[in-house]
Amino acid sequence: MKHFRTTCAVSALVSAALAQGAAADITAEDAWGAMRDLLAGSGYAVDGSETRDGDTLVVSDLVFTMTTTPATDADPAIDAGTTTVDFGTLRFTEAGDGTVRVQMPEVIPITSTFDDPDTNMPVTANIAVTQTGADMIMSGTPDNIRQSFSATAVDIALTSFDAPEAMLPPDAVHFSVNLADISSSATVGQGEPRPMEMSAKARTATFDMAFDVPDEGKGAATGQMNALAFTGTGALPTGNTGGDLYAMLEGGYAVNGSFTYDSGTLSLSGEEEGQSFSVESRSAAGQLDMAIDGDSLTYDVSQADTTVTAMLAELPFPLSLQAAAMKAGITLPISKGDDAQDFKMLVNLQDFVMSDMIWTMIDPQSILPRDPATLLVDLAGKARVFTDLLDPNLATRLEQTGKMPGQLEALDINALKLDLVGAQLTGTGAFTFDNTDVDGLGSGMPRPVGELDLQLSGGNALLDKLSQMGMIGPDEAGGARMMMGLLAEPGDGPDTLKSKLEINAEGHIIANGQRIQ
C-alpha cells in the first residue's frame, strides 16, 4: 500500500511540480536548475542530457527515479521498490522578457515496481499522466524562481497492474483521477533548507476506482470535489533523501498548508460472499489543514452539511444520517526530547440526525426525543517523547526493548459535551500524571492529580424513558440513580446534577468534598 500511495504522490507531484511572472531575468539553465533541485529535494534522482539550441535548453532522455529501501532492521521485502517518471524531453525556451517557457510532453509515463511483502514476488504498476492544454512559465530571479502552470485538464490513470496471477488477474484493478481547469504556482528560494510557497486551484477533481478479485470480492468508488484550492508554505532539503520522510524531516523538510473545496460527493459499492452494499455521501464546504516539520504533526479536517445514505444487504431499506458540521483535529509531537511537548485532539459533531427508519428500529414507540445530537471532545496536554515517532525502525526497536515511545505528563479537558435523546452532559477538567507511580490507583496507569467538573441535565428523565422502553430493568435504573447520588449533587434547575471529582496527591478520590476512596 505504501507504494500505491507513493505512486499517487508521484502523479500529484508531476501534475503540481510541472506547476512549479514576476519581472526579472532568468536563463533556461536557471529554470532547469530550479526544477531539478526541487525534484532532488523531494527524493528523486534526476538523469538526462542537456544541449543548447539557440535560445532553448533541451533536456532529453529525462528520467526521475525514487528508490525506497526498507528500514535497516526490518523485513527487506517491506517498502522496497522503485518509482520511475519518464519525462522524455523538456524544452526550456527563453521568451526574451526575462521568463522561460517550458514545453512538456503531453503524456508522462510513471512506473512503480516493488516486491509484495506477503509473497516476495514483484508487482508493477504503470500510470499515465496526460495533460491537455498545458502551459508552464518560469520567472523571477535565479535565487527565487516561480513556476506557474495551467492546463485544461490533467488525467492520471492506472494503465496496467502487473502481478503474479496467483495474486491478482491483469484487469483486477482500475484507477483514474481527473483535474479540470487547473492552475498552480510554486516559488522556491535559496537557503538550507530551501523556502517554498505553493498555491493551486482546480474547477473540479474526480476519481474513479474499482477492483474485482475472484473468490474474494469486488468494489467500486467514485467521487468529485468542486472548486478546489490549496495554499501553503514549506521548506525542502537540499540533499537527496531518497523519498524517506524521516530523512527529509531531518534535512529540514516542512509543510504548512490548507486545502479547501466548495462541495463534494462520494459513492461506494461492493460485494463479498454474495452480500452487497452501497454508500452515497454528499457535503458542502470542506477543509483540510495540515502541518508537519521535524517536531510535530497536525491534521485538522472539517466538513459542513453532510448527508450519508447506505444500503446494506441485511436491511430492506436505506439508512440515512445527516450532520450540520463535522470536525476532527490532532496535533502530535513526533521528535524525542527531554522536555514535555504539547499535543491536542478535537472531535466535534454538530446537529447529528438519523433517519426515521433508523429510529423506528431503535424506538418504535417514539418514546425518546429525536432532537439533533451533538458531541464535543476538546483535549490538550503535554507528553514526553522518548524516540522519534517517524523513525522507520521504531516498531522493531519497541518490540525488542518492550519500552513505551513516550509518557503522558498532563491532560486538559477543555470541553466535553454530549447532547443526546433529551439529556446533556458537559464537563471540564485538568490533570497531571505521576509516572513514577503506575499502580497508585490499582489501574496500571500513571497516578493522576487534578479535578473534573461535570454537569448533567435530563438524566433521570432518560432513565425513565429507557425503563419504559424495556432497554433497562428496574434494578439497573435503581443502580444508576444510586451511583448518580453518590457522585453528584443537585444542580440549579430541575433534573440537573453537578459533580466535582478530585484526585489529590495522596491518591484519594473525592466527590463534591466527600472522600469516596
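Each reported figure results from applying straightforward, stated rules to the coordinates on display, with no laboratory input. The model shown is predicted, which means the values in this text are computed figures rather than measured ones. Using ideal geometry, Cβ is built from the backbone for each residue, glycine included, and neighbour counts are taken over all protein chains shown.
I182: net charge of surrounding residues, Cβ under 9 Å, Lys/Arg +1, Asp/Glu -1, itself excluded? Please list the in-between numbers first.
Numbers: positive: K201, R203; negative: D181.
Net charge around I182: +1.
For the stretch 332-347, just list the computed ³J(HN,Hα) in residue order, Karplus coefficients 6.51, -1.76 and 1.60, θ = phi - 60°, integers in Hz, with x standing in for Gly and Pro.
10, x, 10, 10, 5, x, 6, 8, 5, 10, 6, 9, 9, 8, 9, 10
For the stretch 421-517, take N as its residue count and report Rg(C-alpha) divided by 2.2 N^0.38 Å.
On the way: Rg = 15.9 Å, N = 97, 2.2 N^0.38 = 12.5 Å.
With N residues counted in the stretch 421-517, Rg over 2.2 N^0.38 Å equals 1.27.
I'd like the GluC sites (Glu not before Pro) in the stretch 133-226 restricted to DSSP loop residues with at most 16 other Cβ atoms within 10 Å, sorted by number. Working shown, then result.
Numbers: sites: E165, E197, E216; in loops: E165, E216.
Filter output for the stretch 133-226: E165, E216.
Search the structure for amide H atoms under 5 Å from the amide H of G491, placed 1.01 Å from N in the peptide plane, and list their residues when 5 or more places away or on another chain.
T496, L497, K498
Obtain the nm distance between the two label points defined at L266 and S355 by a simple spin-label model: each point lies 7 Å from its Cα along the Cα-to-C-beta direction.
Between L266 and S355, the label points sit 1.8 nm apart.
Which pairs, out of K201/K336; K465/K498; K344/K417; K327/K465; K201/K344; K465/K500, put more than 25 Å between their alpha-carbon atoms?
Numbers: K201/K336 37 Å; K465/K498 21 Å; K344/K417 17 Å; K327/K465 31 Å; K201/K344 30 Å; K465/K500 27 Å.
Too far apart for the 25 Å limit: K201/K336; K327/K465; K201/K344; K465/K500.
Explain nothing, just compute: Karplus ³J(HN,Hα) = 6.51 cos²θ - 1.76 cosθ + 1.60, θ = phi - 60°, for every residue of the stretch 82-97 in order, whole Hz, x for Gly and Pro.
Going residue by residue, I get 9, 10, 10, 10, 9, 7, x, 10, 10, 10, 9, 10, 6, 7, x, 10 Hz, with x marking Gly and Pro.
Just to check, using Stokes-Einstein with a Kirkwood Rh over alpha carbon pairs, what's the diffusion coefficient of the stretch 24-189 at 4 °C and 1.567 mPa s in µm²/s? The partial results should precede the final answer.
Values: Rh = 17.8 Å.
Stokes-Einstein gives a translational diffusion coefficient of 73 µm²/s.
Hey, can you grab everything whose amide H is under 5 Å from the amide H of S276? Only 5+ residues off in sequence or another chain; H modelled, so Pro and N-termini drop out.
A313
Looking at the square roots a ≥ b ≥ c of the eigenvalues of the Cα gyration tensor of the stretch 93-192, which shape do they give, rounded for a/c under 1.5, prolate if a/b is larger than b/c, or oblate? Please list the in-between numbers first.
Details: a/c = 3.58, a/b = 2.15, b/c = 1.67.
Prolate.
Sum up the charges of everything whose Cβ sits under 11 Å from the Cβ of E409, counting Lys and Arg as +1 and Asp and Glu as -1, but leave E409 out. Present the calculation step by step, with values, prior to reporting the outcome.
Working: positive: K382, R384; negative: D339, D342, D434.
Value of the local net charge: -1.
To the nearest 0.05, how large is the calculated FRET efficiency for I510 and K336 if R₀ is 45 Å and r is the Cβ-Cβ distance?
For I510 and K336, the calculated efficiency is 0.80.
With no solvent and one equal point scatterer placed on each C-alpha of the chain, evaluate the Debye formula and give log10 I(q)/I(0) for q = 0.07 Å⁻¹, two decimals.
Each listed q corresponds, in turn, to -0.56.
Tabulate in residue order the Karplus-calculated ³J(HN,Hα) for the stretch 380-385, using 6.51 cos²θ - 1.76 cosθ + 1.60 with θ = phi - 60°, rounded to whole Hz; enter x for Gly and Pro.
So the J values, rounded to whole Hz, are 8, x, 9, 9, 9, 10.
Find out how many positive minus negative residues lie around S139, taking Lys and Arg as positive, Asp and Glu as negative, among other residues whose Cβ is under 12 Å from that of S139. Numbers along the way, then the final one.
Values: positive: R101, R146; negative: D25, D30, E94, D97.
So the environment of S139 carries a net charge of -2.
Given axes a ≥ b ≥ c from the Cα gyration tensor, I'd like to know whether the stretch 174-271 is rounded (a/c under 1.5), prolate (a/b larger than b/c) or oblate. Write out the running numbers ahead of the final one.
Working: a/c = 3.45, a/b = 1.65, b/c = 2.09.
Here the stretch 174-271 falls in the oblate category.
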